[in-house]
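Scroll down for the structure; my scribbles are underneath it.
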Amino acid sequence: MIEDVLKKHLPDLTAIRHDLHAHPEMLFQEERTAGIVADECRRLGFEVATGIAKTGVVASLRNGNSGRTIGIRADMDALPIQEQTNLPYASKYPGKMHACGHDGHTTMLLGLARYLAEHRNFDGTVRLIFQPSEEDEGGAFRMIEDGLFTRFPCDRVFALHNLPGEAEGQIVVRPGPITASCDVFTIVVQGVGGHGALPHKSVDPVVAASSIVLALQTVVSRNLDPHDPAVVTVGAINGGSMATVIPEEVRLLVGVRTVTKPVRDLVLTRIKELAMAHAKSYGCTADVQIGLDSWSYPAGFNTPDEAALVRAVALEMGQDPTKVDMRGPFMFSEDFSAMQEVVPSCYFGLGAGPGPMLHDPGYNFNDALLVKGPAFWARLVEKALPQA
Ligand SMILES: [Zn+2]
Ligand SMILES: [Zn+2]
């Protein structure tokens, strides 16, 4: 059993995970983490490339000569959160914490690396992709811009996220839409400021902005197919400071979540059109700054063959198909979607058992997954790259 083989590595893997947990790094500063990953993979005989998108690492192991390639991605970064776990290996850095379990995702790939190096029951090339800055600023995009898939071609790529609240070791997956896109942007409504008692001498952006907020409520209800999930939220209206002064401008902060590209394009286009038309009807202008003052991740989409492969491995391990099959996509965002836009791929969940949720200051990665995760990855590799 692959699990039995991996159990002998558990003490070591746990020590690595706790060390990463104590030293969280974020936003392309994952140098210590990348160093540990690169050293470990080199020691195991992988060909290692570093410095991809500053701190990204790709470790490749080839066996046989089939020419097939598979990529498996783990995120390495932490969050700007003050840890409140009281663990002996809690974060040593104030205001930084591995609150999303990326320390565990990274260590699970190191467990897989050990198994693959020892057993080599595959025919092809396995590339372990260690990615910086998932939580913000899109490390996956930067790795692709830095030549990830041209320098290290992959026929297909996979990634997982641990899920507190799901049974420990439970795989959940679906073909098609899998994660939501997240767009956060500002609409600046420009008018002409003036005295509150002389409205005819000004152009009031407060009235125009109010009209825009109401108009945006019709995008989901009137423009979208009722079967397409989407959220449009105006989370802030900022403008003006006194009851007696008409301000010059009002800023609306808007958040949009969708799960397919056509719906995302439609929603963003309609928001732009409605904001500009409503502003104009009041004599104002609206500047819709999509993508300028904020990051946005596209929705993730699982290709059918890759989702079917993940599902097949889960069923072979005896998992109940009614629990494996997801009813709908995750509504959170993931920059793995950048890789999903260019390579056939599957993103899926791995149950972590009971405990605090992701991004909670009390969260901690479940170390039992340091056997279950790599064991799943090992089965997936052996099924994707079978020996003749
Ligand atoms: Zn996260
Ligand atoms: Zn995460």
Scan the range 166-182 and tell me whether some residue there is over 25 Å from Gly255 (Cα atoms), at pLDDT 95 or above and within 13 Å of ligand 1 (Cβ to nearest atom).
no
Going by the conditions given, is Ala338 out of contact with any Cys (no Cβ under 6 Å at 6 or more places or on another chain), closer than 20 Å to Ala299 by Cα, of a type in the set (A, V, I, L, M) and surrounded by 16 or more Cβ atoms within 10 Å (Cβ to Cβ)?
yes
Can we say Thr55 is β-branched (Val, Ile, Thr), open to solvent by less than 30 Å² (accessible area, probe 1.4 Å) and within 16 Å of ligand 1 (Cβ to nearest atom)?
no
Residue satisfying condition, being of a type in the set (Phe, Trp, Tyr), in the same structural domain as Leu309 (by TED's automatic domain parsing) and open to solvent by 20 Å² or more (accessible area, probe 1.4 Å), within set Phe46, Phe141, Phe122, Phe130:
Phe141
Which ones in the range 215-233 are touching a strand residue (DSSP E or B) at 6+ places or on another chain (Cβ under 8 Å) and either over 23 Å from Lys280 (Cα atoms) or surrounded by 17 or more Cβ atoms within 10 Å (Cβ to Cβ) (or both)?
Leu216, Val219, Val220, Leu224, Asp228, Pro229, Ala230, Val231, Val232
Can you pull out every residue in the range 6-37 that is touching a residue at least 40 places away in the same chain (Cβ under 8 Å) and among the hydrophobic types (A, V, I, L, M, F, W, C)?
Leu6, Leu10, Leu13, Ile16, Leu20, Ala22, Met26, Leu27, Phe28, Ala34, Val37
Sole residue being of a type outside the set (Gly, Ala, Ser), within 16 Å of ligand 1 (Cβ to nearest atom) and closer than 24 Å to Pro132 by Cα, chosen from Pro344, Pro361:
Pro361
Just the residues that are within 14 Å of ligand 2 (Cβ to nearest atom) and of a type in the set (A, V, I, L, M), please, taken from the range 110-144.
Ala140
Answer yes or no: is there a residue in the range 374-386 that is in the same structural domain as Ala159 (by TED's automatic domain parsing), within 16 Å of ligand 2 (Cβ to nearest atom) and either touching a residue at least 12 places away in the same chain (Cβ under 8 Å) or touching a Pro at 6+ places or on another chain (Cβ under 9 Å) (or both).
no
Extreme residue, farthest from Glu306 (Cα to Cα), among residues of the range 336-372 that are within 14 Å of ligand 2 (Cβ to nearest atom) and part of a helix (DSSP H, G or I)
Leu369
Please determine, by comparing only the residues of the range 68-84 that are touching a Gly at 6+ places or on another chain (Cβ under 7 Å) and away from ligand 1 (no atom under 16 Å from the Cβ), which one is nearest to Arg156 (Cα to Cα).
Ile70
With (1) outside any loop (DSSP other than H, G, I, E, B); (2) more than 16 Å from ligand 1 (Cβ to nearest atom) as the list, and Tyr93 as the residue in question, which single condition is left unmet?
(1)
Determine which member of the set Asp325, Asp335, Asp367, Asp320 is closer than 19 Å to Arg17 by Cα and of a type in the set (Asp, Glu).
Asp367
Does Gln84 satisfy the condition of being of a type in the set (S, T, N, Q), closer than 20 Å to Tyr363 by Cβ, in a loop (DSSP other than H, G, I, E, B) and out of contact with any helix residue (DSSP H, G or I) (no Cβ under 9 Å at 6 or more places or on another chain)?
yes
Tell me which of these Glu30 doesn't satisfy, since it passes every other one: (1) farther than 26 Å from Pro153 by Cβ; (2) within 16 Å of ligand 1 (Cβ to nearest atom).
(1)
Among the residues of the range 342-357, the number that are surrounded by fewer than 24 Cβ atoms within 10 Å (Cβ to Cβ) and in contact with a strand residue (DSSP E or B) (Cβ under 8 Å, 6 or more places away or on another chain) is 4
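The values are calculated or read from the model by the stated rules, or taken from the named source; none is laboratory data. If you're wondering where the values come from, they're calculated on a predicted model, not measured in any experiment. Here Cβ is always computed from backbone atoms with ideal geometry, including for glycine, and neighbour counts include all displayed protein chains. Only protein heavy atoms, including side chains, enter the accessible area calculation; ligands, DNA and RNA are left aside. Shrake-Rupley method; radii C 1.70, N 1.55, O 1.52, S 1.80 Å.
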